[in-house]
Amino acid sequence: MSEPHNTHIHISSLSKIYDEHNVHALVKVELKIAAGEFVALTGPSGCGKSTLLNIVAGIDKPSSGAVYLGTTNITALNDKQITERRRDKIGFVFQFFNLLSTLSVFENASLPLALAGKYSSAEIRKRTEVILEQVGLSQRLDFFPSQLSGGEMQRVAIARALVHKPELIVADEPTGNLDSETGEQILKLFKDLCEAGGHTTLMATHSSEAAAYAGRIIRMKDGKILEEVRK
């Protein structure tokens, strides 16, 4: 495989075995992703795409191999270091939104900035209002998740993922809990925002329609990469 220009993610001989069931979730996966690239991982349930996503995001640890984000081997970081990297460098979008029901739209979206502990109240407000306007929720700042549609909740989740300007966006089935029309709207918004911000984006999806929004599609089966398609 030729190395993409300006490699941001380098996955080297990555394997994951769940010992309790002797399941080989990943088998010596090799993959390079360029900075600013939008890559979709596809394949049937159990093919390893979510496991790969979780290891790249520092949520899980491999059994062997390494993941480099830039020049940093994240698989060699300790718990404190990887927690800081997730907080500062990675944005997450999940299928089930994971919004806090007791927080408003504004409070949910601004959470990464608040947790970082290095931004003034004025900067948090400015950056959060800007990103919520970009996702079309400037009129919903004081609403709570129970007052929103599924599509609106996912827009809040996208705003939360992008508000701290992360280097990497990790999206796990971001439209899996939405109807097809809303899902298409979210994917278009997601793609446009990622392109505008230059974020490297790695998305896992069962949907070929969702994968079509990516610039490169990686098809997986039985913990291995079967093929890749560049658009």
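Just one of the numbered conditions (1) surrounded by fewer than 17 Cβ atoms within 10 Å (Cβ to Cβ); (2) in a helix (DSSP H, G or I) is not true of ASN54: (1).
With respect to being open to solvent by 10 Å² or more (accessible area, probe 1.4 Å), basic (Lys, Arg), touching a strand residue (DSSP E or B) at 6+ places or on another chain (Cβ under 9 Å) and in a helix (DSSP H, G or I), LYS191 fits the description. Taking first residues from segment 158-173 that are touching a residue at least 12 places away in the same chain (Cβ under 8 Å) and on the phi > 0 side of the Ramachandran plot and partners that are open to solvent by 10 Å² or more (accessible area, probe 1.4 Å) and part of a loop (DSSP other than H, G, I, E, B), the Cβ contacts under 8 Å between residues at least 6 apart in sequence or on separate chains come to GLU173/GLN95; GLU173/HIS206. Among the residues of segment 61-75, those that are touching a residue at least 24 places away in the same chain (Cβ under 8 Å) and in contact with a Leu (Cβ under 9 Å, 6 or more places away or on another chain) comprise PRO62, SER63, SER64, GLY65, ALA66, VAL67, LEU69. Within segment 33-44, none of the residues are of a type outside the set (Asp, Glu), free of Cβ contacts under 8 Å to residues at least 24 places away in the same chain and crowded, with 16+ Cβ neighbours inside 10 Å. For segment 212-223, a residue qualifies if it is over 19 Å from ALA57 (Cβ atoms) and either out of contact with any Asp or Glu (no Cβ under 8 Å at 6 or more places or on another chain) or part of a loop (DSSP other than H, G, I, E, B) (or both), and the qualifying residues are ALA212, TYR213, GLY215, LYS221, ASP222. Out of (1) on the phi > 0 side of the Ramachandran plot; (2) more than 18 Å from the chain's Cα centre (by Cα); (3) not basic (Lys, Arg), the odd one out for GLY198 is which? That leaves (2) as the condition not met. Would you say ARG230 is closer than 22 Å to VAL29 by Cβ, open to solvent by 10 Å² or more (accessible area, probe 1.4 Å) and out of contact with any Pro (no Cβ under 6 Å at 6 or more places or on another chain)? It is true that ARG230 is closer than 22 Å to VAL29 by Cβ, open to solvent by 10 Å² or more (accessible area, probe 1.4 Å) and out of contact with any Pro (no Cβ under 6 Å at 6 or more places or on another chain). Would you check if VAL67 is modelled with pLDDT of 90 or more, crowded, with 18+ Cβ neighbours inside 10 Å and within 28 Å of VAL156 (Cα to Cα)? In short, no.
The values are calculated or read from the model by the stated rules, or taken from the named source; none is laboratory data. The structure presented is a predicted model; accordingly, all values stated were derived computationally and were not measured. As a convention, Cβ positions derive from the backbone with ideal geometry for all residues, glycine included, and neighbour counts pool all protein chains shown. Only protein heavy atoms, including side chains, enter the accessible area calculation; ligands, DNA and RNA are left aside. Shrake-Rupley method; radii C 1.70, N 1.55, O 1.52, S 1.80 Å.
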